[in-house]
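Notes to accompany the following structure.
FYI, it's all coordinate maths here, none of it is from the lab. Owing to the predicted nature of the structure, the values given are computational and were not obtained by experimental measurement. Neighbour counts are summed over all protein chains in view; Cβ atoms, including those assigned to glycine, are modelled from backbone coordinates with ideal geometry.
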Amino acid sequence: MKKQQFISDYTVYEDEKEMAACAPADAELLLQAHKATENSYVPYSKFHVGAAARLSNGVIVKGCNIENSAYPSGLCAERTALFAAQAQYPDVPVEAIAITAYSEITEVTEPVAPCGACRQVMVETEQRSHIPMRIICQGNTGKVFVFDGVETLMPFIFLTKFL
Ligand code: THU
């Protein structure tokens, strides 16, 4: 018997200004994610999430969370963006996705990380394209976290190779 560890590296920027100086394209993607929050439909949670996916052809596809009174019928911003990208550009890899949020109730000062279901969709998006997808997370303001590939966020992923 032995103990093992999984260790994940990620990059932390103090804010979007520091990011813009180091990684301007990703800072622009983050801005698009903030813009995407404007289209959210969130009468129940009042929590607006925006996502922006940059494809390898340079196109940016935005998504937002859309809720429903029959709760499971809603969808997170990340999956809205990734499914829209797949529907419109099925053969084009997703290089990066930015995720941001603001709440009508409280300040969101920490990066918002994708939920487990969205991570699982990210895994398969990556597997299809064979390119690691950068995941860029911020709240409404403050620090920005950047993960180089979904496996850094979700170790021991469910793999389709066994299906
Ligand atoms: N939400 C997202 O859009 N992305 C996530 O990764 C987590 C949660 C949405 C779903 C719901 O509309 C609201 O945030 C509150 O859970």
Proximal aspartates and glutamates relative to Lys46, as straight alpha-carbon distance under 16 Å, when same-chain residues fewer than 8 apart are discounted:
Glu38, Glu67, Glu104, Glu107
Other residues with Cβ under 12 Å from the Cβ of Thr80 give, with Lys and Arg +1 and Asp and Glu -1, a net charge of 0
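Which FRET efficiency value, to the nearest 0.05, do you get for Lys46 and Ala20 by plugging their Cβ-Cβ distance into 1/(1 + (r/R0)^6) with R0 = 30 Å? Present the calculation step by step, with values, prior to reporting the outcome.
Numbers: r = 29 Å, r/R0 = 0.97.
Approximately 0.55, to the nearest 0.05.
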Taking a straight Cα-to-Cα line shorter than 26 Å from Lys17, and setting aside same-chain lysines fewer than 8 residues away, one finds Lys35, Lys62, Lys143
Quickly work out the Ser73-to-Glu110 label distance, labels modelled 7 Å from Cα along the C-beta direction, and quote it in nm with one decimal.
3.3
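What shape does the chain take by its C-alpha gyration tensor, where a ≥ b ≥ c are the square roots of the eigenvalues and a/c under 1.5 counts as rounded, a/b above b/c as prolate, and the rest as oblate?
On the way: a/c = 1.30, a/b = 1.17, b/c = 1.11.
Here the chain falls in the rounded category.
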Using helices alone, I'd like the mean residue ellipticity at 222 nm for the chain: each DSSP H run of four-plus residues gives -39500 (n - 2.57), total over residue count, nearest 500.
-8500 deg cm²/dmol
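For a test of the definition: using alpha carbon positions, the gyration tensor, and the 1.5 limit on a/c, classify region 1-65 as rounded, prolate or oblate.
Values: a/c = 2.02, a/b = 1.35, b/c = 1.50.
Because a/c hits 1.5 or more and a/b fails to exceed b/c, region 1-65 counts as oblate.
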For the chain, what is the charge dipole size about the Cα centre, in debye to the nearest 20, if Lys and Arg each add +1 at the Cβ and Asp and Glu each add -1 at the Cβ?
520
Would you mind classifying region 60-102 by shape? Square roots of the alpha carbon gyration tensor eigenvalues, ordered a ≥ b ≥ c; an a/c under 1.5 is rounded, otherwise it is prolate if a/b is larger than b/c and oblate if not.
oblate
Mean-position separation - Cα centroids, region 58-101 and region 106-138, in angstrom
11
